[in-house]
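Have a look at the structure below before the remarks.
The values are calculated or read from the model by the stated rules, or taken from the named source; none is laboratory data. Note that this is a predicted model, so its numbers are computed, not measured. Cβ atoms come from the backbone with ideal geometry, glycine included; neighbour counts cover every protein chain shown. Keep in mind that these areas ignore ligands, DNA and RNA; they rest on the heavy atoms of the full protein, side chains included. Shrake-Rupley method; radii C 1.70, N 1.55, O 1.52, S 1.80 Å.
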Amino acid sequence: MKVSVIGTGYVGLVTGTCLAHIGHDVLCIDNNAAKVEQLQAGQSPIYEPGLDDLIQTSTAAGRLQFSTDLAAGVAHAEILFIAVGTPPLPNGEADMRFVEAVARGIGEHLDGKTYRVIVNKSTVPIGSGDWVRMLILDGMLARRQALVPVGAAIADSEDLPQGCFDVVSNPEFLREGTAIHDTFNPDRIVLGGSSDRAFARMQELYEPIVQRQFAVDRDRPPVPVLRTDLGSAEMIKYAANAFLATKISFINEVANICDRVGADVVQVAKGIGLDARIGSRFLNAGLGWGGSCFPKDVSALVHIAQDYGYPATLLEATIAVNQRQRLILLEKLQQELKILKGKTIGLLGLTFKPDTDDLRDAPALTLAEQLLRLGAKVKAYDPIVSATPIAGLEITTSPLDLASGCDALALVTEWQEFQELDYLPLAARMRRPLIIDGRNCLDRDRLQAQGFRYIGIGR
């Protein structure tokens, strides 16, 4: 099928590349000319394991192209994905300016003759599907009015060929660092809309994935395809992320209680995770969640609830617990080192999670800013990040360089490299062998045997 993806951010680029890999003819559109040139050269602007290889092989096969021409993208596609960013505004509301501009632009380039499915892949507030449809019609009307001769009657939206497109909500459930795996091995595919014709096109588009032709385990039953109305599909995305964020905040709350009563949250999480009603995933206590999805989606859902007169108390508490959790490691450093002014702290990891270069709302940056404010010298080593993201933070090139002269090391991002690292040479470089494991992912017994003072979260 002929597919266009507007927006080559994280979701758009992974979606377009994976659809090309399974055999579709994909044109990705972005208004950033420098990014498009980089992609045309086969280089991804984001770090995602395996993505460069898929871009290069699909481009070489002629199934994946990149352009800045929105008109060409609309003309190319049977199915057209809107995958632009919806970053949070200061009040927590989703910023929909990019979606609005793209929807109007699509309408201005629709010919009204060829049927197309317009897919909302961006995470958007409930009701955005109908809003996008209205904006597309506004764009079509603007195009028609621009072509009307002077003095002729001007058409209105009722005169437009409204059956030439349908809007579908198709939320993504990709995790940074495993996005390609998640695309080919989804738990479900959600399609929101009311058109049987559009649903049939989307079913055809995803059929190779539904039948697990590119899955790790191809013998599993087909991927469930859930068809809903537009609003329910949009809510599913927000509700899923809000629930997972709440689960993390819950176990962090429990961890803080464990610290005070002498229990070990790792054992507690294992014990409750064995309950089939709870499950073990997202029960890893630590410094809380960050990134581009959880913070903005939970805040956006709170804002949506407020718009309709409902106080989302549980979600507000989820956010509050997460904000407080970022300072837990700072508190532990103060308990051990007392005055932090003049001390040197080394941070192992900066990105909000491993296997990504994403620093958006990363807990490490909050911690570094607070340590610098208190007068500490702060160094960091991350396998991906090579340039300092904030003033005053020193970036080192290896864990050994990081440890030199440190009063404490703090593991912030659970990169596999850190879990396999030999820490004994690091201890010899430090002023004192103190390590704070902010993700409870290190071998406590081994570190203690090597002479480290080990402190975890909730342990």
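Leaving out ligands, DNA and RNA but keeping every protein chain, what accessible area does residue 196 have, in Å² rounded to the nearest 10, with a 1.4 Å probe?
Rounded to the nearest 10, the figure is 110 Å².
Separation between the residue 390 and residue 314 pseudo-spin-labels, each 7 Å from Cα along Cα→Cβ, expressed in nm?
The modelled label-to-label distance comes out at 3.2 nm.
Solvent-accessible area of residue 282, probe 1.4 Å, all protein chains present, reported in Å² to the nearest ten, please.
Solvent-accessible area, nearest 10 Å²: 60 Å².
So for the chain: antiparallel DSSP bridges make up what percent, rounded to the nearest 5?
Antiparallel bridges make up about 5 percent of those DSSP assigns within the chain.
What list of ³J(HN,Hα) couplings, whole Hz, do you get for segment 360-369 from phi and the Karplus terms 6.51, -1.76, 1.60, once you set θ to phi - 60° and write x for glycine and proline?
Per residue, the Karplus-derived 3J(HN,Hα) values read 5, 6, 6, x, 4, 6, 4, 4, 4, 4 Hz.
Lysines near residue 338 by alpha-carbon distance under 16 Å, same-chain residues fewer than 8 away left out - which ones?
Cα-Cα hits under 16 Å: 377.
Stokes-Einstein diffusion coefficient for segment 9-90 at 10 °C in a medium of 1.306 mPa s, Rh from the Kirkwood formula over Cα pairs: what value in µm²/s?
123
Dipole magnitude of segment 387-459 about its Cα centre, charges +1 at Lys/Arg Cβ and -1 at Asp/Glu Cβ only, in debye to the nearest 20?
Numbers: 8 positive and 10 negative charges, 69 e Å.
With only Lys, Arg, Asp and Glu charged at Cβ, the dipole is about 340 debye.
Got a number for the accessible area of residue 109? Probe 1.4 Å, square angstrom, nearest 10.
70
Once phi is turned into θ = phi - 60°, what whole-Hz ³J(HN,Hα) does the Karplus curve with 6.51, -1.76 and 1.60 give for every residue of segment 445-451, x standing for Gly and Pro?
Computed from phi, the couplings for segment 445-451 are 4, 5, 5, 5, 5, 8, x Hz.
Distance from the Cα centre of segment 1-47 to that of segment 216-273, in angstrom?
30
Could you give me the ³J(HN,Hα) list for segment 398-405, computed from phi with Karplus coefficients 6.51, -1.76, 1.60 and θ = phi - 60°, whole Hz, x at Gly and Pro?
With coefficients 6.51, -1.76 and 1.60, one gets 7, x, 5, 5, 4, 5, 4, x Hz.
For 377, 343, 121, write out the residues from largest to smallest accessible area, computed with a 1.4 angstrom probe and no ligands counted.
Listed by decreasing accessible area, they come as 377, 343, 121.
Which log10 I(q)/I(0) values, to two decimals, does segment 379-459 give at q = 0.13, 0.18, 0.22, 0.26 Å⁻¹ under the Debye formula with one point per Cα?
Result of the Debye calculation: -0.38, -0.73, -1.08, -1.44.
Using the Cα atoms of segment 307-354, I'd like the radius of gyration and the largest Cα-Cα distance, Dmax, both in angstrom.
Rg, Dmax (Cα atoms, Å): 16.4, 50.
Expressed in nm to one decimal, what extension gain is obtained for the pair residue 2 and residue 229 from 0.36 nm per residue of sequence separation less their Cα-Cα distance?
79.2 nm
How much length, in nm to one decimal, is gained on full extension between residue 275 and residue 307, taken as 0.36 nm per residue of separation minus their Cα-Cα distance? Working shown, then result.
Values: separation 32, 0.36 × 32 = 11.52 nm, distance 3.65 nm.
This chain segment gains 7.9 nm when fully extended.
Roughly how big is the chain's charge dipole about its Cα centre, with Cβ charges of +1 (Lys, Arg) and -1 (Asp, Glu), in debye to the nearest 20? The partial results should precede the final answer.
Details: 45 positive and 55 negative charges, 262 e Å.
Here the size comes out at about 1260 debye.
What whole-number value in Å² describes the accessible area per residue of segment 1-147 for a 1.4 Å probe?
That works out to 39 Å² per residue.
Sorted by accessible area with a 1.4 angstrom probe, largest first, how do 212, 277 fall?
277, 212
Placing +1 on the Cβ of each Lys and Arg and -1 on the Cβ of each Asp and Glu in segment 343-443, which of 381, 405, 435 has its Cα farthest towards the positive end of the resulting dipole?
405
Projected onto the charge dipole of the chain (+1 at Lys/Arg Cβ, -1 at Asp/Glu Cβ, origin at the Cα centre), which of 179, 109, 329 gives the Cα projection farthest towards the positive end?
329
Give me the base-10 log of I(q)/I(0) for segment 160-262 at each q in 0.15, 0.17 Å⁻¹, Debye formula, one uniform scatterer per Cα, rounded to two decimals.
So the normalised log intensities work out to -0.75, -0.88.
Using a Förster radius of 56 Å, what is the FRET efficiency between residue 373 and residue 164 based on their Cβ-Cβ separation? Nearest 0.05, please.
Calculated transfer efficiency: 0.50.
Give the long-range amide H neighbours of residue 66: residues separated by 5 or more places, or on another chain, with amide H under 5 Å away, using H modelled in the peptide plane at 1.01 Å from N.
Amide H to amide H, under 5 Å and 5 or more residues apart or across chains, residue 66 pairs with 28.
If each DSSP helix of 4+ residues adds -39,500 (n - 2.57) and the sum is divided by the residues in the chain, what number results at 222 nm, nearest 500 deg cm²/dmol?
Roughly -13500 deg cm²/dmol at 222 nm, from the helical runs in the chain.
Which lysines does residue 247 reach when only Cα atoms under 28 Å apart count, and residues fewer than 8 places away in its own chain are ignored?
Candidates past the 8-residue exclusion: 121, 237, 270, 296, 332, 353.
So for the chain, taking the charge dipole from beta-carbon charges (+1 Lys/Arg, -1 Asp/Glu), which of 449, 67, 136 sits furthest toward the positive end?
449
Counting only residues 5 or more places away or on other chains, whose amide H sits under 5 Å from the amide H of residue 415 once H atoms are built in the peptide plane?
The answer is none.
What translational diffusion coefficient, to the nearest whole µm²/s, does the chain have by Stokes-Einstein, given a Kirkwood radius computed over alpha-carbon pairs, a temperature of 10 °C and 1.306 mPa s viscosity?
The Stokes-Einstein estimate is 66 µm²/s.
So which aspartates and glutamates can residue 343 reach, going by Cα to Cα under 19 Å and dropping same-chain residues fewer than 8 places off?
Cα-Cα hits under 19 Å: 331, 369, 394, 401, 407, 437.
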